[in-house]
Amino acid sequence: PRHLGPEIFGVFNFADAFAATSFIVLGMGMDTYIQKVIPVRPEHASDFFGGFIVVRLLAGAAVFALMALLMTLAHRAPAVQRVVFVFGAAQVLVSLNGSLAALLHASRSVGGLALVNVASKVIWGAGVAVAIVAHLGLVGLALAFLGSEALRSAVLLRLVRRQIGLLSQRAHVFDT
């Protein structure tokens, strides 16, 4: 906050909070379902997870459209809207990462999860430092968050695939 100053920090805080609040609906109770069902039937994760990701992405697109409408009606500057959308993309990944973490918890395979959580915070901090030193502004700070969550998603997906075989079986949709 001291580096940004009160006005710019206010914009940063608004963009982060608005995106986080807007995308809270993407949870859809999935993490609770995962924690209830997957400990008993880990192979069931591949039955629903891919479809749920598609539904979550479609819902995310609707949330982005609603956010754009609300920011336009509120006469938010295009620069503020860009920061909100970067934070929004990061929130989509935060939601995915929460579900992937729930799968790892449900399968009792959390060793890698702990390392990924720490590493993603270090990467985020490094990204923030780069954004500040390079004078990348609010978009750079938001991109640091998005980048750390994207890397976290990639590693968590790999861990989940290895630990419980998520989406590793080939679907035979067109078999007759």
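Values quoted throughout were computed directly from the atomic coordinates according to the rules given, and no laboratory measurement underlies them. Please read all numbers here as calculations on a predicted model, not as lab measurements. Ideal geometry is used to build each Cβ from the backbone, glycine not excepted, and the neighbour counts take in all protein chains shown.
Can you check how the C-alpha radius of gyration of the stretch 27-71 compares to 2.2 N^0.38 Å, as a plain ratio?
Working: Rg = 13.9 Å, N = 45, 2.2 N^0.38 = 9.3 Å.
Cα Rg divided by the expected 2.2 N^0.38 Å: 1.49.
Please report the relative contact order for the chain, taking Cα pairs under 8 Å with a sequence separation of at least 6, and give it as a percent rounded to a whole number. Can you show the working numbers first?
Numbers: 158 pairs, mean separation 54.0, N = 176.
For the chain, the relative contact order is 31 percent.
With +1 on each Lys and Arg Cβ and -1 on each Asp and Glu Cβ, and nothing else charged, work out how big the dipole of the chain is about its Cα centre, in Debye to the nearest 20.
Working: 13 positive and 7 negative charges, 61 e Å.
Computed about the Cα centre, the dipole is about 300 debye.
Can you list the equivalent-ellipsoid semi-axes of the stretch 1-54, largest first and in whole Å, using the square root of 5 times each Cα gyration tensor eigenvalue? Show your work: numbers first, answer last.
Numbers: eigenvalues 292, 24, 15 Å².
Semi-axes, largest first: 38, 11, 9 Å.
Taking the Cα atoms only, what angle lies between the long axis of helix 137-164 and the longest principal axis of the chain, rounded to 10 degrees?
10 degrees
Can you tell me, using C-alpha contacts under 8 Å and at least 6 residues apart, the relative contact order of the stretch 112-158 as a whole percent?
Numbers: 32 pairs, mean separation 21.5, N = 47.
After rounding, I find 46 percent.
For the stretch 1-35 and the stretch 54-91, write down the distance between their C-alpha centroids in whole Å.
What the calculation gives is 12 Å, centre to centre.
Which value, in nm² and rounded to one decimal, describes the direction-averaged projected area of the C-alpha convex hull of the stretch 56-124? Intermediate results must be reported in sequence, preceding the final value.
Values: hull surface 22.7 nm².
Average of the hull's projected areas for the stretch 56-124 equals 5.7 nm².
What residue among Ala68, Asn13, Tyr33 has its Cα farthest toward the positive end of the dipole of the chain, where the charges are +1 on Lys, Arg and -1 on Asp, Glu, each on the Cβ?
Of the listed residues, the answer is Tyr33.
Once phi is turned into ³J(HN,Hα) by the Karplus curve 6.51 cos²θ - 1.76 cosθ + 1.60 with θ = phi - 60°, what whole-Hz value does each residue of the stretch 117-128 show in order, with x for glycine and proline?
So the Karplus estimates, Gly and Pro as x, are 4, 5, 4, 5, 5, 5, 5, 4, x, 5, x, 5 Hz.
Listed highest first by mean packing, meaning other Cβ atoms within 10 Å per residue, what order do 95-104, 24-33 come in?
Working: 95-104: 21.9, 24-33: 14.4.
Top of the packing list down: 95-104, 24-33.
Calculate one ³J(HN,Hα) per residue across the stretch 65-80 by plugging θ = phi - 60° into the Karplus curve 6.51 cos²θ - 1.76 cosθ + 1.60, and present them in order as whole Hz with x for glycine and proline.
Karplus values, whole Hz, x for Gly and Pro: 5, 5, 4, 4, 4, 4, 5, 5, 5, 8, 6, 6, 5, x, 5, 5.
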